[in-house]
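Trainee: Structure incoming, see below.
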Amino acid sequence: QQGMGIAAAGMYAQLTTGKPARIVTRTGSRRRASQVLVSIDTNRNRPELHGKKTVDWRVPHGTRVELTMEAQHRSGAHSVEMYLKLTAIANPHVTLHYVDPDENVVTFERSSSRLPALPVEIKPHPHGVELGRLIAMLRNTEHKSLGKFLKEEFSRVGTKTASEIIERADRGLTTRSYSRRVAKKQAGALYRAIQKTKISAPTSDCVVPIGEELMLQGLRKEVEAELYLAVCRPPAVYRGNPFVVEVGLAYGRPGGGHELDDSGRIVKLQSPRAGVEDLLSHAGEPVTLLRFANRVPLLFQQGACVMTKAVVDTNWRSYGLNQPKGSLPQAAMVLMLHVASVWVPFTSESKEAVAAYPEIEREMSLALRECGRRLRTHVKKQQRLARELERRTHIERYLPHVGMALQEILDIDDVRRDALVERLDETLHHQRKV
């Protein structure tokens with residue numbers, strides 16, 4: 001189950017089979033690979049290394065971790081294969097190979113060779129610091145004056161902002177007050193002053209979102225649909241922590257919609273590729289909801305997640321979809337929601353759902369509405385095309401009869417009659433507006 005962590009996974013393997021973890025690593029093609037067996041000393045809570053040696057390994061560089069455990073291998077929405085499939089969607093730069101217990105090999109090929117940008121380390125934002133941490137920072141700082149402490153230990157705090165905070169705190173504090181001698185009551189006043197002071201949001205380069213382009217690539221690679229949309233919101237802040245919300249959408253079964261070709265004729269959209277596993281729900285069924293936090297799929301506790309709440313609270317009926325009250329919308333659609341943050345507020349230690357902070361829910365709602373507006377344009381276009389196709393089909397049935405009537409009235413031969421019917425057909429498809 002997601003959220004165990006490698007330490008807990010190794011512990012579970014050791015408890016169920018008694019076998020240590022086997023780790024093989026190689027830093028370059030000119031070096032031999034190193035192998036070590038790692039077990040956990042449960043009494044002292046520390047690792048124990050066994051049998052370290054060099055081995056031959058065909059992989060030029062990388063690390064391999066092997067765990068032998070007792071577990072149930074299942075298929076379906078909560079399976080290992082589904083977890084990897086969703087990981088491939090959120091990480092289109094990664095190629096994944098999976099061998100199941102029956103020796104079947106499943107490969108998720110990368111669709112992009114562009115690696116994500118590395119996050120930049122930033123100092124804590126004042127609005128995200130708790131009182132206890134502020135007191136600890138005051139005790140351990142190397143900056144003697146309080147003004148210098150605020151400017152150097154926090155992000156987005158300049159000389160003017162530091163002076164404003166200290167002046168608002170009062171309690172006899174000045175910019176020259178000795179940081180390590182600030183009393184607890186003074187620290188409390190300083191903390192309250194920080195919360196009341198308007199401070200610029202932290203920079204977003206410490207957060208690495210997927211991006212609209214890569215999100216679309218990931219969806220196209222793993223989901224067959226007729227329409228793909230992606231929205232990446234500007235960086236926002238909750239409790240001083242920067243975060244970015246992204247929403248992707250794959251709508252409509254391939255072959256189910258229509259489009260205008262270059263000649264002005266209405267034609268069916270391309271049919272799906274054979275053998276592609278289907279993530280799309282069917283029309284009349286709830287949409288498939290894919291939730292991610294920092295590119296990691298969230299498979300469990302969907303009902304407890306703020307992402308689900310944001311989707312349910314969005315009025316999808318105004319965007320052309322059916323939606324029972326208090327439920328997910330119904331359509332052949334996949335909704336992908338992603339939260340990227342330096343600190344994702346999970347509801348529990350298992351990291352299965354994101355807590356409902358108002359700031360996060362608001363950004364989710366705004367992104368969903370933007371996707372909904374673009375989706376509505378597509379849905380209305382499909383409805384217009386369907387109505388127009390029905391009209392044209394109805395008119396086309398009478399064109400041969402019109403041709404025969406004109407032949408009789410104009411006294412023309414069959415060749416001219418057929419040419420006239422063809423011209424009428426071209427006029428029908430070229431001059432009627434959609």
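Trainee: Tally the residues that are of a type in the set (D, E, K, R) and surrounded by 10 or more Cβ atoms within 10 Å (Cβ to Cβ), restricting the search to region 40-64.
Mentor: Qualifying residue count, region 40-64: 4.
Trainee: Looking at region 81-125, which of its residues are farther than 15 Å from Gly211 by Cβ, touching a strand residue (DSSP E or B) at 6+ places or on another chain (Cβ under 9 Å), of a type in the set (Val, Ile, Thr) and touching a residue at least 60 places away in the same chain (Cβ under 8 Å)?
Mentor: Of everything in region 81-125, those that are farther than 15 Å from Gly211 by Cβ, touching a strand residue (DSSP E or B) at 6+ places or on another chain (Cβ under 9 Å), of a type in the set (Val, Ile, Thr) and touching a residue at least 60 places away in the same chain (Cβ under 8 Å) turn out to be Thr87, Ile122.
Trainee: Can you tell me how many residues within region 291-339 are at positive phi and of a type in the set (Lys, Arg)?
Mentor: Number satisfying all stated conditions: 1.
Trainee: Run down Ser29, Ser75 and say which single residue is within 30 Å of Ala230 (Cβ to Cβ) and either in contact (Cβ under 8 Å) with a residue 60 or more places away in the chain or surrounded by fewer than 12 Cβ atoms within 10 Å (Cβ to Cβ) (or both).
Mentor: Matching residue, one of Ser29, Ser75: Ser75.
Trainee: Of all the helices (runs of 4 or more DSSP H) wholly in region 115-196, which have at least 3 residues that are surrounded by fewer than 13 Cβ atoms within 10 Å (Cβ to Cβ)?
Mentor: Qualifying helices (runs of 4 or more DSSP H): 131-140, 184-196.
Trainee: Another question about this same structure. Taking the stated definitions as given, is Lys19 more than 32 Å from the chain's Cα centre (by Cα), surrounded by 13 or more Cβ atoms within 10 Å (Cβ to Cβ) and not in a strand (DSSP E or B)?
Mentor: Against the criterion (more than 32 Å from the chain's Cα centre (by Cα), surrounded by 13 or more Cβ atoms within 10 Å (Cβ to Cβ) and not in a strand (DSSP E or B)), Lys19 qualifies.
Trainee: Please go through region 375-410 and pick out each residue that is closer than 18 Å to Leu249 by Cα and in contact with a helix residue (DSSP H, G or I) (Cβ under 9 Å, 6 or more places away or on another chain).
Mentor: Leu375, Arg376, Val379
Trainee: Hey, another quick one. Select, from Arg291, Arg233, Arg220, Arg295, the only residue that is under 18 Å from the mean Cα position of the chain (by Cα), buried (at least 22 other Cβ atoms within 10 Å of the Cβ) and modelled with pLDDT of 90 or more.
Mentor: Arg291
The values are calculated or read from the model by the stated rules, or taken from the named source; none is laboratory data. Just so it is clear, the model here is predicted, and its values are computed rather than measured. We place every Cβ from the backbone using ideal geometry, glycine too, and count neighbours over all the protein chains shown.
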